[in-house]
Each structure stands twice: as structure tokens, then as C-alpha cells.
Amino acid sequence: MSFEVKILGSNSATPAHNRNQTSQLLTIGNEHFLIDCGEGTQIQLIRFRTKFHKISHVFISHLHGDHYLGLMGLLLTMHLQHRTEELHIMGPGGLDEIITTQLRYAHTTLNFKVHFTQLQDDKEYLIYESSGLTVHSFPLVHRIACTGFLFREKPKERRMNKLKLLPEMTGEEIGQLKKGLDIYKPDGSLKYRSFEFTLPPRRSRSYAYCSDTRYEPGLIRYIKNVDLLYHESTFLKEHEKRAAETYHSTAEQAALMAKEANAGGLVLGHFSVRYKELSPLLDEARRVFNNTRLAQEGQAIKVEE
Ligand SMILES: [Zn+2]
Ligand SMILES: [Zn+2]
């Protein structure tokens, strides 16, 4: 099953050096989530040939323009392209008012229903759950209310060992064996032992999105052992003071978070417009946490099972 992050935008503040403002498309199986929606996100979604009409949920980390100003344009394109499926938008308080005000003054009623959920920024909690995964939001430390998101697959069933599958097994029996349950005959004697016919489940994968935030080791508890961590790295270490003042992080600090959280891999993003060349940010992070990469637009980052 797919588990893939597509980078749509990687810059902070303004578009520069062919980099757009922050947005990512996360695909887990057949669920599609948009994470942040900087200006021009719909153009990126089209440019990279994504199936953006399949997005069911949009998660907005905070109301700085580089993270949400593309939302109105995307909603109107979905409307003009005759979307009818409901859309869920989860973000800070005020986002629903911003969107509905713009629609009201345009005398536009969308073809599809939009459900707004106001996220709380003072605790970690479950904000979405489906049969295969959970999404939690957790507080970040920024100038305004800002949340991160943790996407985690639920524990998976055991897999049938095809070499041991018997033709007389019923679908119901196979279902039970995959759940790890043994099958008994009516007289109470053992018929099939789950462990003899099945293989261990595949790994449950996870992805954490740490949007704009000051370096804060206290956040590590929310992202412990995550497979893939995205963490903003607006600045180089030489601008650490500026990072702290503006509630942002350096590449080294992002790497420290990945290391302390025991993450599998790290993606750096939200680059300051002052850096045309990004390799110094990558080098700085890799000195602390080797399995680091830069968010590059159009790139799909897969997490293997
Ligand atoms: Zn930002
Ligand atoms: Zn911000």
C-alpha cells in the first residue's frame, strides 16, 4: 500500500528561487490529504498531475499567509470542476470565517459541502480516524496558534502464508486467522493454528509534519519513533538568534529533533528566501542526523512498509 508525501511547496514567506510556499500532498492507500496550502498550491497540484479532486481532508497548521492563502483558489477550482464530494478542512479558529466571508461577498455557494473543524492548539489529540489510520494534532511553538500533525497507520492484520493456504478454508476462517485467532472444530479440538498459516503483519508507518515552530525539545514526545519527520528549517545555524526571535528553527535544530525523536528520516523545508542555494542547510543537518533530505517540489517521498 502506498504511503507517500508529495512536496508542493518548500519556501517560507514569499515565493523565491523557483520555490513555492508550503504545501504537501500525503497519500496513504486511497486516502489523500492536503497539508497546508500556500498560495499557488492548486497550480502545483495541476503541474504535478495529482488527483486533487480525491483530497478528502485539508489540514492547515496556522494562519500565516504562506500556509493557507492558496485555499480559496483551490476551493473555487474544485467548485468550477463540479466537485460534489464533501471536503473536511481542519485548522485554527477563524479559518471558517475567512473562507465563508469571501464566498459570501462573491455570492458563491460551493457545489460541495465543506466541514470546518477548529483545531485546539493547547494539547495533543485525535482529529481524524479511518479504518486504517489515525491523525493527531499537537501544539507547536510559534508566534500565533500553530499545530503539527501526526499520521499513523493502525496495526495491520497478519498475512496469509500462500504456501500453506488450504482450498477448503472458508473466507471467514481466513479472516479469523489473519486476526491471529485459532480455529476450533465443533468438538472443541484445534483445526487451524493462526501462527502456522500466517505471516507477521506488515509494519505500520507514520509521518509527522512539524510546521512553523521554534526549536522546542518538549515536542519530541509527540513524534517519538516516527518513520518520517518533516521539520521546518527556515535558517542556518549562523542565524540561530534570528530563528529564535521569529519562532523558527535552524537546520541543525531540525536535525536534533529528528535524532532525539529517533526518527527514521528527516525532510527539511520552509526555507528562508535569503538562501538560493540550499546545500548548506542539508550539510548542517546531516552533521547531526545523516538520513536527511531537502523538500524538493514535485518530489514524492515514499515510506516503505
Ligand atoms: Zn511559514
Ligand atoms: Zn508561520
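General observations
- The requirement of being under 16 Å from the mean Cα position of the chain (by Cα) and more than 30 Å from residue 43 (Cβ to Cβ) is satisfied by residue 263.
- Some residue of region 182-203 being among the charged types (D, E, K, R), touching a Ser or Thr at 6+ places or on another chain (Cβ under 9 Å) and surrounded by fewer than 14 Cβ atoms within 10 Å (Cβ to Cβ): no
- Every condition in (1) on the phi > 0 side of the Ramachandran plot; (2) within 16 Å of ligand 1 (Cβ to nearest atom); (3) not β-branched (Val, Ile, Thr) holds for residue 61 except the one numbered (1).
- For region 213-239, the set of residues classified as acidic (Asp, Glu), crowded, with 16+ Cβ neighbours inside 10 Å and more than 30 Å from residue 1 (Cα to Cα) consists of 216 only.
- Whether a residue is at pLDDT 95 or above and within 16 Å of ligand 2 (Cβ to nearest atom) was assessed, and residue 279 does not pass this test.
- When region 1-15 is filtered for residues that are over 16 Å from the mean Cα position of the chain (by Cα) and hydroxyl-bearing (Ser, Thr, Tyr), the ones remaining, listed by number, are 12, 14.
- Checking each residue of region 15-38 against the condition of being on the phi > 0 side of the Ramachandran plot, in contact with a His (Cβ under 6 Å, 6 or more places away or on another chain) and within 13 Å of ligand 1 (Cβ to nearest atom) gives at least one match.
- Flag for residue 248 being within 24 Å of residue 15 (Cβ to Cβ) and buried (at least 19 other Cβ atoms within 10 Å of the Cβ): yes
- Filtered by the rule that a residue be surrounded by fewer than 18 Cβ atoms within 10 Å (Cβ to Cβ), closer than 28 Å to residue 274 by Cβ and among the charged types (D, E, K, R), region 12-59 gives a lone residue, 47.
- Options 174, 127, 144; residue that is among the hydrophobic types (A, V, I, L, M, F, W, C) and touching a helix residue (DSSP H, G or I) at 6+ places or on another chain (Cβ under 9 Å): 174
- Here the strands (runs of 3 or more DSSP E) wholly within region 191-305 that include at least 3 residues being touching a residue at least 40 places away in the same chain (Cβ under 8 Å) are 206-210, 228-232, 300-302.
- Selection of first residues in region 40-64 that are polar (S, T, N, Q) and of second residues that are within 16 Å of ligand 1 (Cβ to nearest atom) and not in a loop (DSSP other than H, G, I, E, B), restricted to Cβ pairs under 6 Å at least 6 apart or on distinct chains, gives the following pairs, ordered by first then second residue: 41/8; 41/23; 44/8; 61/36; 61/67; 61/147.
- Qualifying residue in region 60-71 (condition: away from ligand 2 (no atom under 16 Å from the Cβ) and touching a Leu at 6+ places or on another chain (Cβ under 9 Å)): no
- Region 16-32 - residue that is within 22 Å of residue 233 (Cβ to Cβ) and assigned to a strand (DSSP E or B) and, of those, nearest to the chain's Cα centre (by Cα): 26
- At least 2 residues being at pLDDT 95 or above and within 16 Å of ligand 1 (Cβ to nearest atom) is the threshold, and among the helices (runs of 4 or more DSSP H) wholly inside region 67-179 not one reaches it.
The values are calculated or read from the model by the stated rules, or taken from the named source; none is laboratory data. These figures come from a predicted structure and were not determined experimentally. All Cβ positions, even for glycine, are placed from backbone atoms using ideal geometry, and neighbour counts span all protein chains on display.
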